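Chemist: Below: one structure in structure tokens.
Taken together, the values in this text are just the output of simple stated rules run on the coordinates, not laboratory data. None of the values given here were measured: they were computed from a predicted structure. All Cβ positions, even for glycine, are placed from backbone atoms using ideal geometry, and neighbour counts span all protein chains on display.
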Amino acid sequence: MPELIQIMIPPFVASMVFVAMLGYLGVHIIARGVIFVDLALAQMAALGSTTALLAGLETESVSGYAFAFGFATLGALLFAITRTTKGKPRVPHEAIIGIVYVVASAATLLVADKAPHGAETIREALAGSILWVTWPQIGRLALVYVGIGLVHWALRRRFFTVSLNEAAAVESGWRVRWWDFLFYFTFGIAITLAVPIAGVLLVFTFLVVPAVIAFLFTREVRPLIAISWLAAAVAAAAGLGVSFKFDLPTGPVIVCAFGAVLLLTGLARLAVKRGGVPAATSESAAVP
């Protein structure tokens with residue numbers, strides 16, 4: 001039993017690192033309405049990793065990560081350029097994101113067919129290996145996430161204004177596409193490092209579900225982040241606990257735990273609404 005507990009400590013710490021960064025980034029993703037952008041950027045990074053294999057590089061080497069970051073940056077540039085800031089777009093931005101995801105997925109399959117261990121790379125990108133995460137991986141992840149966090153803290157007013165009140169950013173004359181690119185660039189780095197550890201499904205869950213829970217109750221920035229962090233921490237801890245107790249696959253159990261927390265909070269929100277207690281529904285939020 002003590003040995004099993006020791007095995008579960010690194011996944012727990014890694015999950016809390018994901019909670020801190022992805023729970024925050026998810027608030028921006030939901031506010032912007034680009035729900036599947038993480039899947040698209042993750043697939044672009046996977047295409048980069050598979051291309052690195054084809055070039056004879058190890059995916060976890062500096063050169064391998066450079067390939068992954070390079071392709072993720074290309075995706076960030078595409079999403080920033082194709083964003084429309086005036087009026088209703090002819091083509092929804094989510095459609096562009098979906099096209100990038102599909103094309104990157106097809107290209108990854110083609111490259112993997114010729115790359116050594118290509119199939120294993122694709123499988124790891126989907127499922128991850130959070131149960132076997134190592135302390136050096138957690139250390140690198142935390143270090144990079146601290147750097148991303150500092151950038152977002154320094155530029156928080158710009159990022160939150162673009163995400164929550166785009167009209168104000170446009171009226172102020174900001175170069176919104178530039179701020180979009182910077183956001184997606186840092187977002188792509190976070191996703192590129194998260195996917196090999198947690199897998200696409202779990203990363204998507206960490207990003208989207210806690211933020212959805214937060215938006216059920218408020219649109220104020222600080223409560224949004226606090227609720228997102230709290231919901232993610234509770235769901236991740238519960239999922240790891242159930243996985244440990246019943247010897248179940250860790251990633252899928254955590255995803256199901258997030259779903260259960262979302263269901264419970266949704267029912268709580270419905271009960272509050274029926275009880276006549278209004279939730280915060282303001283269209284704009286004060287930026288901290």
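Chemist: Pop out the ³J(HN,Hα) list for the range 90-106 in order, Karplus 6.51 cos²θ - 1.76 cosθ + 1.60 with θ = phi - 60°, rounded to Hz; leave Gly and Pro as x.
Modeler: Result, ordered by residue: 5, 10, x, 4, 4, 5, 4, 4, x, 5, 4, 4, 5, 5, 5, 5, 5 Hz.
Chemist: OK, next. Tell me, what is the percent relative contact order of the chain, built from C-alpha pairs under 8 Å that lie six or more residues apart?
Modeler: Details: 403 pairs, mean separation 79.5, N = 288.
The normalised contact order for the chain reaches 28 percent.
Chemist: Between the DSSP loop rule and a limit of at most 12 other Cβ atoms within 10 Å, which trypsin sites (Lys or Arg not before Pro) in the range 61-167 are left?
Modeler: Taking the range 61-167 and a limit of 12 other Cβ atoms within 10 Å, the loop trypsin sites (Lys or Arg not before Pro) found are K86, R90.
Chemist: Given a 10 angstrom Cα cut-off, can you work out which residue in D38, D247, D180 is the most mobile in a GNM of the chain?
Modeler: D247
Chemist: Here's another thing I want to ask about it. Can you compute the modelled spin-label distance between A20 and A167, with each label point 7 Å from Cα toward Cβ, in nm?
Modeler: Spacing of the two 7 Å Cα→Cβ label points: 3.7 nm.
Chemist: If you don't mind, another one. Where does each of 187-193, 258-264, 9-15 land if you order them by average Cβ count within 10 Å, highest first?
Modeler: Top to bottom by mean Cβ count within 10 Å: 187-193, 9-15, 258-264.
Chemist: Something else now. Report the local net charge at G128: Lys and Arg +1, Asp and Glu -1, summed over other residues whose C-beta lies under 15 Å from its C-beta.
Modeler: Result for the local shell: -3.
Chemist: What net charge is computed for the residues neighbouring A45, neighbours being all others with C-beta under 14 Å from the C-beta of A45, Lys and Arg scored +1, Asp and Glu -1?
Modeler: -3
Chemist: Using a ≥ b ≥ c from the Cα gyration tensor of the range 2-274 (square roots of the eigenvalues), is it rounded, prolate or oblate, where a/c under 1.5 gives rounded and otherwise the larger of a/b and b/c decides, a/b for prolate?
Modeler: Values: a/c = 1.72, a/b = 1.06, b/c = 1.61.
Cα axes put the range 2-274 in the oblate bin.
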